[in-house]
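Beneath this line is the structure, given in structure tokens, with notes to follow.
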């Protein structure tokens, strides 16, 4: 089926409800929908490319309204996620939520504090809560209710050590905002705060920093594995080889064992 129809609407409604969804979970939903609607004519073999084509049809409709279903890989596992985002550069979170302008300004402040903590890219939930108390003149309870809502809406993740980090939804939806606001760390901008992965070019807040010249190089956890395999298979043609031995690596972000990773 090459045109937008009821099955596409159902899948879109599901993605809107969950905000961000793992590839394998979306495949399960897609399979159920394909079985329900016989006109889709989809068998169970290699559903992934068919799912992506299905989503491209949805995106052809969404782009008229400055929205998109984006695909982004988890920084640790490499698992693909699908995220509903706005493509308007000047729309900070507005496209899919109902936060007030003062709340949006406070959220920006929390994000700034996370980015400024470039060794961990996190902020303690107590500090984040106090930021909301001060900026919005709210009680501790009301501020915490807003923080809980932000986590439930998928903008932040909470570690087992009660630290807020940017979620996969934030990294997808706010990618351009983060780059425009803080700049990409590079030889052309050593003051840039956004780290970019050597392999996939997406933002790194969880991974490794590798000592290199003229500037350090950054990898997601999974992307470092990919890079090392590529280098191992092309040993005779590695003019730009980067030393990724353990002693040359520094961890970026919070410790992996504090994260709540869905396998």
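The values are calculated or read from the model by the stated rules, or taken from the named source; none is laboratory data. This structure is a prediction, so every number in the text was calculated from the model and none was measured. No Cβ is skipped: glycine too gets one built from the backbone with ideal geometry, and neighbour counts run over all protein chains shown.
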Query raised in the report: Looking at 223, 200, which is the one that is part of a loop (DSSP other than H, G, I, E, B), in contact (Cβ under 8 Å) with a residue 60 or more places away in the chain and buried (at least 17 other Cβ atoms within 10 Å of the Cβ)?
Result: 200
Query - residue 250 vs. criteria modelled with pLDDT under 85 and either in contact with a strand residue (DSSP E or B) (Cβ under 8 Å, 6 or more places away or on another chain) or not in a helix (DSSP H, G or I) (or both) - result: no
Query raised in the report: Would segment 178-196 turn up any residue that is under 25 Å from residue 113 (Cβ atoms), loosely packed, with under 11 Cβ neighbours inside 10 Å and either free of Cβ contacts under 8 Å to residues at least 12 places away in the same chain or in contact with a strand residue (DSSP E or B) (Cβ under 8 Å, 6 or more places away or on another chain) (or both)?
Result: yes
Query raised in the report: In segment 99-149, how many are loosely packed, with under 13 Cβ neighbours inside 10 Å and under 21 Å from residue 204 (Cβ atoms)?
Result: 2
Query raised in the report: Applying the selection to segment 117-140, what residues are assigned to a helix (DSSP H, G or I), more than 12 Å from residue 163 (Cβ to Cβ) and touching a strand residue (DSSP E or B) at 6+ places or on another chain (Cβ under 9 Å)?
Result: 131
Query raised in the report: Among the residues of segment 151-162, which ones are touching a helix residue (DSSP H, G or I) at 6+ places or on another chain (Cβ under 7 Å) and either part of a loop (DSSP other than H, G, I, E, B) or surrounded by 22 or more Cβ atoms within 10 Å (Cβ to Cβ) (or both)?
Result: 154, 155, 156, 159, 160, 161, 162
Query raised in the report: Taking residue 156, is it over 18 Å from residue 113 (Cβ atoms), modelled with pLDDT of 95 or more and within 18 Å of the chain's Cα centre (by Cα)?
Result: no
Report task. Would you mind finding the one in 80, 139, 122 that is touching a residue at least 12 places away in the same chain (Cβ under 8 Å) and outside the structural domain of residue 67 (by TED's automatic domain parsing)? Result -> 122
